[in-house]
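For reference, the structure is listed below as structure tokens.
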Amino acid sequence: MEEITTLLADLAERGIALRVDEGKLTVRGPQGAMTEGLRDSLTRHKRELVALLGARDDAVSDDVSSFPLSAGQRAQYLLQRWHTGRSNAITACSRLAGRLDVASLVAAWDRIVQRYPILMARIEELEGEPVHRIDRLNPPVLAVAPGIESERSLAGHFQAVAAQPFDLAREPLVRASLHRVDDGDLCIFIAVHHIIFDGQSVGILLLALFEAYDAIVSGEQPPAHTVGHYGRFVAWEDAMLRSDEGVASRDYWKRCLAKERPIFRLLPEHAGAFDVGRPSTIHSRTLDTGHARRILDTCASLGIQPTAWFHAVYLALLSKHSGQSDLTVLMPVMVRPDTTYRADIGFFFNAVPIRTAVDAKETIGALSRRLQMSIVDAVYHSAYPLSLMLDRARADASVPFALYFGYHEFSSLADPAFEGYRQRFGLASFNGFRQQGEGDYDLALEVFREDDTWRITLQADPAKQPDEVISAVFDRYIWLLDQACDAPERSLAELALATLAERDRVVREWNNTATPFADDKRIHDFFLDQVVRQGDAPAVRHGHRSIDYATLGERVEALALWLQDTGVGPGRIVALCLDRSIEMEIAILAVLRAGGAYMPIDPEYPDDRIGYMLEDSATPVILTQRNLMGRLATLSPSADVRMLALDDEWTTVERESARLRDEGMSLVDEVSATDTCYVIYTSGSTGRPKGVLVEHRALVNRLQWMQKRYPIGRGDAVAQKTPYCFDVSVWEFLWTPMTGAELVFAQPGGHLDALYMRRFIVQNGITVLHFVPSMLQTFLDHAGGTCPGVRFVFCSGEALDAESARRYREVFTEAALHNLYGPTEAAIDVTAYDCTRMDRSFVPIGRPIDNTQILILDEHGHAQPPGVPGELHIGGANLARGYLRRPELTTERFIAHPFQPQARLYRTGDLARWLDDGNIQYLGRIDHQVKIGGVRIETGEIEARLVAYPGMAACAIVPRGETGFTQLVAFYRMRDSMPGDVVSVDTADLRAHLLGELPEYMVPAAFVSVATLPVTSNGKIDRKALQAVEVGIESRRRYEEPATETEKALVDLWSGVFKEQGFVAIEAKIGANDNFFELGGNSLIATRLIYTVRSRFGVELPVKALFEQVTIRDLAAQIDQLKRSR
């Protein structure tokens, strides 16, 4: 078959056509074209040729010749089959002086079509393989349009023709027309399918056309033979691939692409709706001559070609947008084996992948020099077809080459060869025509040398980003070019992506939040005002107990005086260890009134954590309750620490405060707005929690903004349901007494039960409340009715899903939903978004609040432009002072403001980006911090505790599951483990080990022993690889068969819930005696399971049931009892 292929190629290049008629082979061709060698080959292969050509469709014309496609053409053929709606046209559109003779120009066109048979090609399938068929009986013609047309109407016509798809087998692959423009000029338009044409062929075709015109006008005869050699090129390529040269090139590209290629993503999915079906726009800019001269001078000083310079800056643009350093960009090359192909027309196009590791520390000059060497090597091996470079068996074989860069020393008409025709024929570009791109790549940049400057074009996949985004990307490329020319010795890190206008917008315009506030006030000053103004107004309620503002004020004053007598004042921290109660609110306000800072401790914390917090804070006083006194006494670091049980010793407080007043003592008011008002401990990556110090001034700014934006007052009831160790509780506790509203406590654990919460909201007239988004979702699913009295619903703590934001009015019929964002280190919240007008597929975190600045910076401190992700930084009045006794960590996380001398920023570790309207989209975490149920967790703290287990060598904590229902999975390696002999530890022992030091919500749901922990190329634990590991639920209890129908049904329900969370029962079946929490359950999963149980069995099972009856058997017994009592 190879000999026949070569024979057909040789015949085609000589213009010799074969035809089979009634089983006979006939040959037609130009005089003198047939050689003795060709005759011998035809005689030897006559039978095979008759069989091959006779199998074609009966509609094949009388005058044909066939030959195979090159490897590049075969790839183009497949692309056309996949994208049938695309034209894949290469176009030329030029003005000509009106004095040209139209008939001679048409005759010249006919002559060159005969000289280049490839222009008469169709692409058909023969025995399942695509081949060329040269159709000499139906050659493409230069159609002369009647009449005179305007430039504008012609431009629209040309764009329509250029976009019209070709039928490769049934119509000419060349469209050509000549038009008379209303200004007297002529316009010639040519569109050729890329499968038989390339960009260099445009100039060759036009030059041949004008030369043929000159010959006709002067009376010269056309040449005797064709000059088209594309069939010869196909044969050459086939021989090259089998040669030593081909093998060497194959091995070269195999080495270049040995490492798996990452998927490129320029930007996250666009935030708004746009027309994904529109044509791709080709954006075009021409550099001013001054900029062009600077580029030439820079390239000369570096000893590089401009192609390497433009390419290097393109890589900087791509890396800064995507955050990726391993970039592969396709670069076009023309594969014309020798000078005999120089004037040929055809598909001599190939693209070579230039793979570059971008290092932000490298200078742009050094990158350019390194890139130039890569380009030289790639060009040397460029004859090897791109379609053959990929190993289809590899995992990344389906990863597209998403990026393209082309450098062209001359655009067609700028080539010096056209100089004479530009003068004689008035040859020039038709400016009204701009071909629309087809978006073959995520991003394609091309640079064209034109006179003493460059024209640069950029186009993108229209389904990925809208035109305005690509236009902005283009602006940034020009800006990077400008910066790089100014100082080529600068590192890539020093080049800013945002243009000056973009930087002004994101730094100044969108952060114009300066607003007067009471920056000299302490937060309790507002409470004292309310006591005076409306002492009879209800202040706090818990169950059947309630007190008014006057009573609350008296009790706060009494306790504050007692606290000051014990030494509490500015700079002192008072520990609170209480269950939810009215006493909790009294304690918080009293500590503030005394001048101290309150530090909440959850009684459910393990002893180790409580002991550490008491020691680290050096608290002189613990406010608690009777049942915790003994435990806290043993955990207290000093016998000098005073403890007071507010539920049992209130008479002592009243008696002591009365005595102090009798002795002439009154409250000392020395605390200032810059003193600390509360300390909240958050998870720490070093293995110990860290205390965040928040000042009065920051909290006053935060709450005054809240009151201005969402005004409340007497008659409003705010639900207190957030655990007080989390900073959301701060506004629940202190916004209420600041404004004269009433604080209403929910029962402990009540926030987990939707039915209870709805009763609580309705019965207590709640108008304001907060939900962690995952709990809002659960509440909306299971509330069982509406809450029409609620005015404001706030969400924060984790990403709010768009579905909940759209659905919330099903339950909260009269409320506004607001999504808030902020870390503990910045006084609760720093951005806000009104969800009542949701028009996106996600919920933004909004804009900065009063006197707060949000900067989204790259890792080198440059402001990121709109749309580009970066680390979210916070500045302004809301910032915390820092971390208690952690100066190094404070310096690390609270950094100098790059745009405001003497100001600070807090590095959140959150990934975010500006949206076009000034709102912000949260995109996740940069580090290994996770949120579970709205609680911030540093996986490093868990890892530090887990690896301390005897015999453990290493571990990694990996989050699994969707936002709001995230689970932690611990992978660990014991020192004695080895491949084939993995040592495991009883899960119950590991849980017990962690529960002695960490809260329950920080204990992983599953523990997986491995022989080795996978690592990345730089030696770090490969957490992505661990994400892919299948994790099974595990029971170390003796298996007991479910005995009753209820037990069997519960096993199915439990298995289903665990499967939804990504766990499968691969190591053990769930038995009747298995413990829900030992299997990997947590409070969020338990809540969802309870609602499923209620629906399945038709019983009102309380949420706390699964926390009390933790086994299948115990829970089944309670369900059966409830069913009997109905």
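Just so you know, all these numbers are worked out from the coordinates, no wet-lab data involved. These figures come from a predicted structure and were not determined experimentally. For neighbour counting, all protein chains shown are included, and Cβ atoms are generated from backbone atoms with ideal geometry for every residue, glycine included.
Things worth noting here:
- For region 510-524, 3J(HN,Hα) computed residue by residue from phi via the Karplus equation (6.51, -1.76, 1.60; θ = phi - 60°) reads 7, 10, 7, 10, 4, 9, x, 8, 7, 6, 9, 8, 9, 5, 6 Hz, glycine and proline entered as x.
- The share of Cα pairs per 10 Å bin across region 810-893, counted from zero up to the longest distance, runs 15, 36, 33, 12, 4 percent.
- DSSP beta bridges in the chain [antiparallel fraction, %, rounded to 5]: 70
- Rounded to the nearest 20 debye, the dipole magnitude of the chain is 560 debye, with +1 charges on Lys and Arg beta carbons, -1 on Asp and Glu beta carbons, and the Cα centre as origin.
- Relative to one another, the C-alpha centroids of region 868-918 and region 492-550 are positioned 18 Å apart.
- Toward the positive end of the charge dipole of the chain, with +1 on the Cβ of Lys and Arg and -1 on the Cβ of Asp and Glu, the farthest Cα among 1072, 349, 899 is that of 1072.
- In percent, rounded to a whole number, the relative contact order of the chain is 7, using alpha-carbon pairs under 8 Å and six or more apart.
- The fraction of Cα-Cα pairs per 10 angstrom bin, counted from 0 for region 852-910, comes to 23, 55, 20, 2 percent, rounded to whole percents.
- Residue among 632, 768, 1102 farthest towards the positive dipole end of the chain, charges placed on Cβ: 1102
- Checking the Cα-Cα distances for 1048/1104; 521/690; 320/1020; 1048/1123; 931/1020 against a 19 Å cut-off, the pairs over it are 1048/1104; 521/690; 320/1020; 931/1020.
- Translational diffusion of region 170-215, µm² s⁻¹ [Kirkwood Rh, Cα pairs; Stokes-Einstein; 20 °C; 1.002 mPa s]: 176
- Ranked from largest, the principal axis spans of the Cα set of region 714-835 equal 36, 30, 25 Å.
- Estimated translational diffusion coefficient (Stokes-Einstein, Kirkwood radius over Cα pairs, 4 °C, 1.567 mPa s) of region 56-161: 78 µm² per second.
- Protection proxy ranking, highest mean first, for peptides 472-478, 758-764: 472-478, 758-764, where packing is the per-residue count of other beta-carbon atoms within 10 Å, averaged.
- Difference of contour (0.36 nm per residue) and Cα-Cα distance, residue 102 to residue 607: 172.1 nm
- Share of pairwise Cα-Cα distances greater than 15 Å in region 664-751 is 68 percent (whole percent).
- Ascending count of other beta-carbon atoms within 10 Å, so fewest first, for 599, 34: 34, 599
- Only helices enter this figure: runs of n ≥ 4 DSSP H residues, each worth -39500 (n - 2.57), summed and divided by the residues of the chain, yield -11000 deg cm²/dmol at 222 nm to the nearest 500.
- The eigenvalues of the Cα gyration tensor, multiplied by 5 and square-rooted, give the chain an equivalent ellipsoid with semi-axes of 74, 34, 27 Å from largest to smallest.
- The dipole here belongs to region 928-1029: it is taken about the Cα centre, uses +1 on the Cβ of Lys and Arg and -1 on the Cβ of Asp and Glu, and is about 320 debye.
- Region 143-202: C-alpha gyration tensor shape, a/c 1.5 cut-off, then a/b vs b/c: prolate
- Principal axes of region 928-1029: Cα extent on each, largest first, Å: 39, 33, 19
- Positive-end ranking of 671, 685, 553 along the dipole of region 517-695, with charges on Cβ about the Cα centre, is headed by 685.
- About the Cα centre, charge dipole magnitude for region 517-695 (Lys/Arg +1, Asp/Glu -1 at Cβ), debye: 300
- In terms of overall dimensions, region 540-637 has a Cα radius of gyration and Dmax of 13.5, 40 angstrom.
- Each part gets one Cα centre, and for region 791-854 versus region 611-690 those centres are 34 Å apart.
- Stokes-Einstein D (µm²/s) once Rh is taken as the Kirkwood radius of region 316-361 over alpha-carbon pairs, at 37 °C in 0.692 mPa s: 252
- Its Kirkwood hydrodynamic radius, worked out from the mean inverse distance over all distinct Cα pairs, puts region 849-995 at 18.2 Å.
- Considering all different alpha carbon pairs of region 517-695, the Kirkwood hydrodynamic radius works out to 16.8 Å.
- Under 22 Å from residue 24, Cα to Cα: lysines that are on another chain or at least 8 residues apart: 46
- Other-chain or far-sequence residues with amide H under 5 Å of residue 851's (modelled H): 513, 514, 515
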